[in-house]
Amino acid sequence: MTSVAPVILLAAEKESAEVTDWAARVGWVVGLGLFVALVYWLMREGWKWRGTLQSDLPALPAAPDEPGAAKLVLSGRYHGSTTAGQWLDRIVAHGLGTRSRVELTLTGAGLDVVRPGAADFFVPVAALREARLDKGIAGKVLTEGGLLVVTWAHGDRLIDSGFRSDHAAEHNEWVETLNDMINKTETEGAR
């Protein structure tokens, strides 16, 4: 019996612990909030710095008043632009890094890119270099052939712009039509 008595006395002496240490919890929440704010601020500063480094990129051309009849129309998403051949080197100058909805219209004059909530731009047919299907651009990775990538010249740079149609079956027709237009332009320019 002597061994049971000390255990009962110890159990009776213990008090229950505090359920919540509110000061520590508030401290952790405030600390975590400050950390998230710091990371967000650093990312924003990095984005602005990238834009400053790309400030030599000329202004984007606007669509002509009379672009001609539409050959193809696509509705979908614009996933960004990168330096050609470097799918992670995002271009952010002039709003080219902003992902958005897109309405693409291909005419005899070129490619009209209309983006609600972001800067629209126009790629003249003479600036078009290549169209292909790919699986990723600027951190966006899709299934093989899930992305329409258009390579075009702007200033002294070659740029890849990535688009995804709401109807992926349209991608092949866009690639064929764009590459046919590019080949015709090069053939006519060689004469």
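Computed values, structure above
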quantity: Scan of the stretch 61-100 for residues that are within 26 Å of GLY46 (Cα to Cα), out of contact with any strand residue (DSSP E or B) (no Cβ under 6 Å at 6 or more places or on another chain) and loosely packed, with under 15 Cβ neighbours inside 10 Å, ordered by number; calculated: GLY85, GLN86, LEU88, THR98
quantity: Any chance ASP180 is out of contact with any strand residue (DSSP E or B) (no Cβ under 8 Å at 6 or more places or on another chain), open to solvent by 30 Å² or more (accessible area, probe 1.4 Å) and of a type outside the set (Gly, Ala, Ser); calculated: yes
quantity: Scan of the stretch 121-148 for residues that are within 24 Å of PRO64 (Cβ to Cβ) and either within 15 Å of the chain's Cα centre (by Cα) or in a strand (DSSP E or B) (or both), ordered by number; calculated: PHE121, PHE122, VAL123, PRO124, LEU128, ARG129, GLU130, ALA131, LEU148
quantity: In the stretch 149-191, the residues that are acidic (Asp, Glu) and over 19 Å from the mean Cα position of the chain (by Cα); calculated: ASP156, GLU170, GLU173, GLU176, ASP180, GLU186, GLU188
quantity: Which numbered condition GLU186 misses (of (1) on the phi < 0 side of the Ramachandran plot; (2) touching a strand residue (DSSP E or B) at 6+ places or on another chain (Cβ under 8 Å)); calculated: (2)
quantity: Boolean, ARG44 is closer than 25 Å to GLU130 by Cβ, open to solvent by 40 Å² or more (accessible area, probe 1.4 Å) and of a type in the set (D, E, K, R); calculated: no
quantity: Qualifying residue in the stretch 175-188 (condition: farther than 16 Å from THR83 by Cα and in a strand (DSSP E or B)); calculated: no
quantity: Residue list for the stretch 134-177, restricted to those being touching a residue at least 60 places away in the same chain (Cβ under 8 Å), surrounded by fewer than 17 Cβ atoms within 10 Å (Cβ to Cβ) and either among the small types (Gly, Ala, Ser) or touching a helix residue (DSSP H, G or I) at 6+ places or on another chain (Cβ under 9 Å) (or both); calculated: GLY155
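Condition check ((1) among the aromatic types (Phe, Trp, Tyr); (2) assigned to a helix (DSSP H, G or I); (3) open to solvent by less than 80 Å² (accessible area, probe 1.4 Å)) across all residues:
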residue: VAL26; (1), (2), (3): no, yes, no
residue: GLY33; (1), (2), (3): no, yes, yes
residue: VAL36; (1), (2), (3): no, yes, no
residue: TRP49; (1), (2), (3): yes, yes, no
residue: ALA59; (1), (2), (3): no, no, yes
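The values are calculated or read from the model by the stated rules, or taken from the named source; none is laboratory data. Given the structure is predicted, the values throughout are model-derived calculations rather than measurements. Quick reminder, even Gly has a Cβ in these numbers, built from the backbone with ideal geometry, and neighbours come from all protein chains shown. Areas reflect the complete protein model, heavy atoms only, side chains present, ligands, DNA and RNA absent. Shrake-Rupley method; radii C 1.70, N 1.55, O 1.52, S 1.80 Å.
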